[in-house]
1. So, of the residues in region 2-47 that are assigned to a strand (DSSP E or B) and among the charged types (D, E, K, R), which turns out to be nearest to Pro62 (Cα to Cα)?
2. For Ile2, indicate whether it is surrounded by 12 or more Cβ atoms within 10 Å (Cβ to Cβ) and either under 23 Å from Gly95 (Cα atoms) or at pLDDT 90 or above (or both).
3. If you scan region 95-131, which residues turn out to be small (Gly, Ala, Ser), surrounded by 12 or more Cβ atoms within 10 Å (Cβ to Cβ) and not in a loop (DSSP other than H, G, I, E, B)?
4. Do any residues in region 1-24 that are in contact (Cβ under 8 Å) with a residue 60 or more places away in the chain have Cβ atoms under 6 Å from those of residues that are part of a loop (DSSP other than H, G, I, E, B) and of a type in the set (Val, Ile, Thr), where the two are at least six apart or on different chains, and which pairs are they?
Amino acid sequence: MIADMIEGALVAHGHAVCGIATTVTEAVELARKEKPDLAIIDLRLADGGLGTDIDKQLHDQPGLGILYATGNASNVVLTSADGHACISKPYSEAGLLRALDLVAELVATGNATPPYPKGFKVLAAPLPAVLT
């Protein structure tokens, strides 16, 4: 139901939506077939899968902007190795649209120009491993 509402908002604001997937497998198949520019990925999927598994399988698809949506942003450690940004639930329609614009900017330029919507975070580079 939420995915359908998001789809309606995106279409109303000029985005073309290539589909809705509920599992990692569906999402990967859809992305490979449709080659979207942007993806909104929930961290917890219907089958118990993790949204981060989608990005791991799509690294060969350059230019795909990844925005994670989660209700538990404080309990999740995401880095730029996982995607571009994250937005915390609940978010507004305007906040989601702005977040997608920011992800598109990150893909195009490597930067995201504020203002950021409430709950939005650009994903930082992973910390280097420290061997002792």
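1. Selected residue: Asp42.
2. no
3. First pass over region 95-131, keeping only residues small (Gly, Ala, Ser): 95, 99, 104, 108, 110, 112, 119, 124-125, 129.
If we keep only those that are surrounded by 12 or more Cβ atoms within 10 Å (Cβ to Cβ) too, we end up with 95, 99, 104, 112, 119.
Matches in region 95-131: Gly95, Ala99, Ala104.
4. Taking only residues 6 or more apart or on different chains, the pairs are Leu10/Val17.
So that you can scan it fast, the table gives a plain yes or no per residue for (1) at pLDDT 90 or above; (2) closer than 15 Å to Phe120 by Cα:
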| position | (1), (2) |
| --- | --- |
| Val24 | yes, no |
| Lys56 | no, no |
| Tyr68 | yes, yes |
| Ala81 | no, no |
| Tyr91 | yes, yes |
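The values are calculated or read from the model by the stated rules, or taken from the named source; none is laboratory data. This structure is a prediction, so every number in the text was calculated from the model and none was measured. With ideal geometry, Cβ positions are generated from the backbone for all residues, glycine too; neighbour counts draw on all protein chains shown.
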